[in-house]
Every structure is written in C-alpha cells, then in structure tokens.
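So the structure is just underneath, and the comments pick up after that.
The values are calculated or read from the model by the stated rules, or taken from the named source; none is laboratory data. Here the structure is a predicted model, which is why all the values come from computation and not from measurement. Counting neighbours? That spans all protein chains shown, and the Cβs are built from the backbone with ideal geometry, glycine included.
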C-alpha cells in the first residue's frame, strides 16, 4: 500500500526545521521553478545515448483539469493530519479541487542509481541521482561544471506548493523497463496525539511511497505498481510513455492557475532565463494548458512568441529582450570574422589592470563600436585550483549599442543558465552578453553562486576553499561589461589645449608650477583676477576608518546646525561607483555580521547599504563594523537632513 508517512522522532534527536525555502524569493515562484527545473534537466542530459538537446514540458492544469477531491485522495492519503499539525492550511477542504503543475524533461537519463540505498557507503560506482535527489538536503552528487551544486534546488518544488509537497516519476536510461514513483513533503516539525492521548513528535520531512522494505519502517521506497503509475500519468496529464527522464508534479501551486496569465508568466520566465540555449538549439521548452500551448525551440518560435505575448507592465522590457536576442544570434554565428582575444600581462593575477588589447585592436574596436556594430571579445583567465593544477580558461563578452532602449540590458550566462541578478553597466543604450562556457571557469563560477543561482558571490566560502584568487576571478567576470565600456568609450585623441586659446588670456606659467617644500609656490606675486579656492568647510563629524569598519565622532570645535544625517556604504571598486555597484550579497547594514553601535544619538533608519542617524550631544559616536577585512569600505559624503525630512 502506498501512503504518506512522517518519521517519529526520538528524544535524543535535535529539532531542525527546513530552511531551504528561505533561499528563494516567494514573489518569483514561477521564475524560480522554471530556472530550477530547466537547470536540473540541462545537467541530466543523456550524452551517453547521443542526446545533444533536451526538451522540457510544463503543463498547467488550470481549473478544468484540476483533480476532484475523490481523485486527489489517493495521492494525499495520510498527509492531511500532518499538515494540520504543522499549521499548514488544507486547501482541499470543502469543494476545492487540486490544481497542479507538471514538469517533464526528455533527452535526459532520469534518476539513475539504487532506489533502496540509504547511506553513501551503500552506493556503487555508477551514477546515483535517485539517492541524491530523494535522500539528501544540502548534499549534491553534481560535480565539475554542472549547473547546480548546493543540493537545495529541489526545495523550489515543495516551496511552490501550498501543501509543501511534490511527486516525482522517473524512467531511467539504465533501467527502462521500470517506472518509479515517490513523493516528498517539507512541512516542519510537528506533534500528533493519538486516540490514547499519547503525543509524538514527527520529522519535518515526510514521504509518499512504499514502506517496510528495509529494517526501518519509515524508510520510503518507490512505487512500481503498473496500475498506480498509469492512474498517476493519466490524472496529472504526463506525456512520458517509457522515455527516460523525470516528471515532477506540484500539487496546489502557490501561484495563480488562471489559464492565460499562468501561461504568460511561464513563457516570460523561460524567455528571460533561457533564450540563449534555445537559440543555440540546446534546449526546447513547451508550455501547455488545457486550451493552448506554446513551443519555444528555435529563433523563429522565440521571436514569434515574443511579439504575440501580452507584456502588460513588462512592456518596457520587451524591446530590450528583442535586442538581446539579435545580439545572441550574432554571437552564435560562427562566420563573423571580428572576434578578438585580449592579452594578459600577469599570468597569475585576475585584474583589468593586467589585461590589454593586442596591437591596434582597441582602436578598431572603438571604431566598430562607434558605428553601432557588434563586437566580441574573449577574456583570458587562469583558473588556479588549490592543491591542484592551473588551467588556462576564458569567457566571452558581446556588446552592442541600441539608441532606442532606455537603460541597458546585460545577461550573464553560465553554460546556458542565466544568472539573473548580476548588475550590468549603467551606461544607457547598451546591450550585452557575458558567456562562461569553458568548463574550468564555469566550475569556479558555479562555486560562487547562491542556492537560487541568481547571483555570483565573490565572498563564497566554497569558492575560497577550492580556488586560489577565486573572488578576483568572479569580479573579473561580473565587472567585464563596465570595464570594457570604459575602454571603448574613452577618447583616444589627445586634448587640444589651443582650441579656444583666442577667447581666453594667456595662462600665467608660474601658476602651474609645483609648490616648494613648506607650501610656497614657485613664483612671486598673485596675478590680478586670480581665483583663490577657499579651504574646505570643517565637518562637525570626523570619519575614521579601520579594518572591517569605520566610525564617526563628533568634533565639538565645529558648530552643529543640523542633527540628522544620512550616508551610503559600499565596497570600493576599481570600475564604477561603489554605492551603485553595491549588492545585497555584499552586506546589509541591518543584518549580521554588520554591527552598528551608537553613543549619545540614535539610528533613525538602517536598511541595505543606507543609514540615517541623529546626533543628541557632543559625545556622539557612531561605529559600524563587521565588513570583510579583505575589502576596502567606501563611505559617501555626509548628507545633512532637517529633522522632519523622510530619511527613506
């Protein structure tokens, strides 16, 4: 018999609730689901059996294909009381039908490995995807440059469900005769009281499957029964019929299943995150509802869908994505002759100060870029593995100018996966692609990703553990568009100092001479009409920097006219504005490890990288600490506020 079962916890066990969902933005549930599902599928491509591209299918039940309560009972048996005990509302109470989203991949190998293995010591030499998918949280079997590495990504599926549950059906390439079905829920630790009044505590994770196959009565093994599998396939509208791969079902999704809107959101998320591998013919995505479907598999289908879909509030982004697609198509065109490789002066350092254009290529690039032609630049990088070898690697940057777009759009892509929250250049009218395809650098960048695979974090502990100079290489990649634009937009000509000479009197040559020791200028008298720059106005607060922080101390000698002030903080950077380049994974002033201490004053507002404070007396002191000791902290000039002014 198949059912849901949660393990009864022993008194000696530590209480630990699931926290994986905290890594994912609940307001972007569809985007996170699309990103994670396709990423996992790209990782599982069945290259041994000749698959070059994969196909991913999303099916949205909407209301018309939602399961009745009678049908859903078979798949939810035993789950309701655990959800109630965990404080999760039961959405199937009353007349509610069970809507769902099905995610399937084809051209992949499925969850191979021993489905009864419970410990790593029981694993064989072959792939053990089943073990890592169902038996682990925070542990992954992915290696090298595979797209995911945290072992947390599957939390997206349960997080996208109002009942924190998911089902998985798989056909494996090494065992095509059997189809396996299991389910998992992540509800949180909870207590149940039986009919005799005895209370027992249950684990946060429960499973749907067959129990009693091993010594542990709570150990779940998959369902193999052909008739159960057939009902599951039919009711949840699976299209898999013996082909290897994985089909996932998310019951009671946390987002709206209205027909047209759900379809639109899935299409937009797919185009946003995976336009490049679709254009490269590495990926096909089908999104279907009971009444319509969209297929994104090549240039024509992508551009047609882009023009037909309703963008609503996203309309301003449509033109940017269209230009990005044009740039991507050019980048994928191997016949274009203008692709250059930069030179690196220092083989071990990863700094833009050490990277130059060969010969006269910079001037050629500037000319081409000025004519609004695309340019392609390959940037060399030395990947240095700790306790291992060094590898020559690279990444590619594609840039273009489009006058018609406001702002800029730049996608950073690692082996087909768009890292969506890396900031691009601030220069308006710029379209860009940064492609990390080489396996060595891709492996390094993977170690710098957050669990949601939306950001690259130079301070990643795993990155520093595995690679020498890893943070510098991450910054080299993320700052590439800004650094290259600075080179491309810099004027190559020497300034003409005589251009307006006839309109201005001769300059006193002595005025430009350096000062002698002691502060006196070489030369004699001040000239008539000479502009004298006044000394800077003293500040009522003195700024003192220290390793890992800074302090403001009141200077009683300087009169205080206003008591409220505001500052911004960022990590200093060689390219761009440190405050505009600040990102949430650098630090947040209102969260540990940052510590803010005030004496004889108060913090009025502290959020992200902004802080506003009030001075109450001449003994005022503000200390901020906890920054990375390896980074230089930049603090903006004081902005004085009237007391009634909104510090936001």
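Of all residues in the stretch 442-480, which are on the phi > 0 side of the Ramachandran plot and surrounded by 23 or more Cβ atoms within 10 Å (Cβ to Cβ)?
Within the stretch 442-480, 453 is the sole residue that qualifies.
Looking at (1) free of Cβ contacts under 8 Å to residues at least 40 places away in the same chain; (2) within 19 Å of residue 630 (Cα to Cα), which one does residue 583 not meet, given that it meets all the others?
Looking at each condition in turn, residue 583 falls short on (1).
Which of the numbered conditions does residue 321 fail, given that it passes all the others? Conditions: (1) outside the structural domain of residue 427 (by TED's automatic domain parsing); (2) surrounded by fewer than 19 Cβ atoms within 10 Å (Cβ to Cβ).
Unmet for residue 321, out of (1) outside the structural domain of residue 427 (by TED's automatic domain parsing); (2) surrounded by fewer than 19 Cβ atoms within 10 Å (Cβ to Cβ): (2).
Checking residue 286 against (1) over 28 Å from residue 397 (Cβ atoms); (2) without any contact (Cβ under 8 Å) to a residue 40 or more places away in the chain, only one condition comes out false. Which one?
In the conditions (1) over 28 Å from residue 397 (Cβ atoms); (2) without any contact (Cβ under 8 Å) to a residue 40 or more places away in the chain, residue 286 misses (2) alone.
Could you tell me whether the stretch 346-358 includes any residue that is surrounded by 15 or more Cβ atoms within 10 Å (Cβ to Cβ), in contact (Cβ under 8 Å) with a residue 40 or more places away in the chain and in contact with a helix residue (DSSP H, G or I) (Cβ under 6 Å, 6 or more places away or on another chain)?
Yes, some residue in the stretch 346-358 is surrounded by 15 or more Cβ atoms within 10 Å (Cβ to Cβ), in contact (Cβ under 8 Å) with a residue 40 or more places away in the chain and in contact with a helix residue (DSSP H, G or I) (Cβ under 6 Å, 6 or more places away or on another chain).
For residue 210, all conditions in the list (1) over 31 Å from the mean Cα position of the chain (by Cα); (2) not in a strand (DSSP E or B) hold save one; what is the number of the exception?
For residue 210, the exception is condition (2).
Please specify each residue of the stretch 224-261 satisfying the condition of being in a helix (DSSP H, G or I) and either touching a helix residue (DSSP H, G or I) at 6+ places or on another chain (Cβ under 8 Å) or at pLDDT 90 or above (or both).
The answer is 226, 227, 228, 229, 230, 231, 232, 233, 234, 235.
Having 1 or more residues that are at pLDDT 90 or above, within 29 Å of the chain's Cα centre (by Cα) and over 22 Å from residue 275 (Cα atoms) is the bar; report the strands (runs of 3 or more DSSP E) wholly within the stretch 328-415 that clear it.
Working: elements: 339-341, 375-385, 390-401, 408-414.
The qualifying strands (runs of 3 or more DSSP E) are 339-341, 375-385, 390-401.
With the checklist (1) at pLDDT 80 or above; (2) crowded, with 20+ Cβ neighbours inside 10 Å; (3) over 28 Å from residue 218 (Cα atoms) in hand, flag the one item residue 66 doesn't pass.
Going through (1) at pLDDT 80 or above; (2) crowded, with 20+ Cβ neighbours inside 10 Å; (3) over 28 Å from residue 218 (Cα atoms) one by one, residue 66 breaks only (2).
Look through the stretch 432-490, keep the residues that are at pLDDT 90 or above and assigned to a strand (DSSP E or B), and return whichever of them is farthest from the chain's Cα centre (by Cα).
468
Only one of 132, 157 is at pLDDT below 90, under 20 Å from residue 451 (Cβ atoms) and touching a strand residue (DSSP E or B) at 6+ places or on another chain (Cβ under 7 Å). Can you tell me which?
Checking each option against the conditions leaves just 157.
What strands (runs of 3 or more DSSP E) completely inside the stretch 560-648 contain at least 2 residues that are within 30 Å of residue 482 (Cβ to Cβ)?
564-571, 601-607, 610-615, 621-625, 633-635
Can you tell me which condition residue 84 does not meet? The list is (1) buried (at least 21 other Cβ atoms within 10 Å of the Cβ); (2) touching a strand residue (DSSP E or B) at 6+ places or on another chain (Cβ under 9 Å); (3) on the phi < 0 side of the Ramachandran plot, and all the others hold.
Condition not satisfied by residue 84: (1).
Taking the options 309, 321, 278, name whichever one is touching a helix residue (DSSP H, G or I) at 6+ places or on another chain (Cβ under 7 Å), closer than 18 Å to residue 433 by Cα and modelled with pLDDT under 90.
321
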